[in-house]
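The values are calculated or read from the model by the stated rules, or taken from the named source; none is laboratory data. Small disclaimer: the values here were computed from a predicted structure and weren't measured. Heads up, the Cβs are rebuilt from the backbone with ideal geometry, glycines too, and the neighbour counts pull from every protein chain shown. Surface areas here come from the heavy atoms of the whole protein model, side chains and all, with no ligands, DNA or RNA. Shrake-Rupley method; radii C 1.70, N 1.55, O 1.52, S 1.80 Å.
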Amino acid sequence: MAPNDVRRPFKRAAISDQQRRRDLTLQRQAQSRRDAQQQARCVATTVLSLQYQNTQPEPELLPDQEEDGGGPSIELDVRQAYKVKGAEARKWFAKQLMLPEWMIDVPDSLAQDWYVFARPAGKRCFVVSCNGTTVSRQRNGSILHRFPSALPNGAKTRDLSGSSQSYSILDCIFHELDQTYYVIDMVCWRGYSLYDCSAEFRFFWLNSKLGETGACNPPSVYHKYRFSIVPVYNCDQSGLWSAYTGSVPYTKDGLLFYNKHAHYQMGNTPLALVWKDENCSQYVIDTDSKGQVPSQQQVVLELQDDGSLISSDDPPVVFGCLDLGFVQKEVLHSGNLVRFAINDGGLRFADGKLEKADLHYLGKPNRARASADSYSKVVFQHTVRHSPLKIDDLLASVCSSDDQQNRPCDIEMSG
């Protein structure tokens, strides 16, 4: 289907309050200002200096088994952050990245207020350059690479510019096939924090600054891995279609949508969304530990003191409750992550909220898991199996807006 086809705007029955939370997040963002410089310094210093008793990488999850890093952040200053290890380290690092919710309803003003780009398949990580070295750390806190780079102060060369102590932080996905770091966001540049800057400004700054460093050049002695910027489009019909069907040098793993006004928010945020189908991702429906699609959807929830089972969201969504006698029998404890299958009763919604979930206990998940599934992931997986949100639906949602505003893209990034 060509993007010029005429479609009626898409509207599905309410299965979430995602739009309400988007509005609230934007309001809260305008009202509150955090110490962005201190946050950037904390992340940079911790990525560079965090020591583990066991330096071996944590067990990895398959791309389709990645957990969502929601819930309240662990409040640490720089000195405390050095000391986190094991499960605590995984939780801390998972909450430093800006994590998209899964798109379970189409945002208002999608064509006007959002960017879209094809997400590279690979390992999500922070890349920090400082004092003549560059370090990348994955969401579980383990070091992916320590290497010289052409990023500011990223290698011990004679042409270091600026203070050797200034640091830069990039939000990247490492693509194994071409050994390239694809930069999807910029958090800090030469010591200047971008946490409280809009996505519109961060993407402009990323596109303006990264190429000047030579980081997008082929690898060399002082630049071990190539960096590249993903093509970002305005989410009008043309941009959405280009992101969905356009050729890119990496393997696609769905589409990412960023609200243009969104600050870099740690943890899950409804101002960034991920969407997938079989044409733009190998991993749409979650698979089990053997890589097979189970006959029933599986979810991972966190057990509470009273037996309730919650998602990773802040505030969490309650999916059900275990009998305390069953909890004792299975030797489960508060805070444990527990895996369930969703039975034939499925998920039942009322007024955009979960009313009931038909859960069947399976056991504990892989120990590498740091947190439970988010509500949006569970609902997205449910709708993929029963009533998926299709690319035609997204195109229909931007169709009427495009007819009224036939404007060119503000920004198209490439590198």
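The table below gives the values:
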| quantity | calculated |
| --- | --- |
| Flag if A155 is over 20 Å from N234 (Cβ atoms) and in contact (Cβ under 8 Å) with a residue 60 or more places away in the chain | yes |
| Residue match in the range 375-387 (condition: open to solvent by less than 50 Å² (accessible area, probe 1.4 Å) and in a loop (DSSP other than H, G, I, E, B)) | no |
| Subset of the range 159-191 [surrounded by fewer than 14 Cβ atoms within 10 Å (Cβ to Cβ) and either touching a His at 6+ places or on another chain (Cβ under 9 Å) or at pLDDT below 95 (or both)] | D159, S161, G162, S163, S164, Q165 |
| Every residue from the range 348-366 that is open to solvent by 50 Å² or more (accessible area, probe 1.4 Å), out of contact with any Leu (no Cβ under 9 Å at 6 or more places or on another chain) and at pLDDT below 95 | F349, D351, K353 |
| Sole residue being open to solvent by less than 20 Å² (accessible area, probe 1.4 Å), assigned by the TED database to the domain that holds F257 and in a loop (DSSP other than H, G, I, E, B), chosen from A215, A243 | A215 |
| Residue list for the range 265-295, filter: among the aromatic types (F, W, Y) and at pLDDT 95 or above | W275 |
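Quick grid of which residues meet (1) touching a residue at least 60 places away in the same chain (Cβ under 8 Å); (2) closer than 27 Å to P270 by Cβ; (3) assigned to a strand (DSSP E or B); (4) touching a strand residue (DSSP E or B) at 6+ places or on another chain (Cβ under 7 Å):
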site	(1), (2), (3), (4)
A118	yes, yes, yes, yes
F126	yes, yes, yes, yes
G141	yes, yes, no, no
S149	yes, no, no, yes
R202	yes, yes, no, yes
L210	yes, no, no, yes
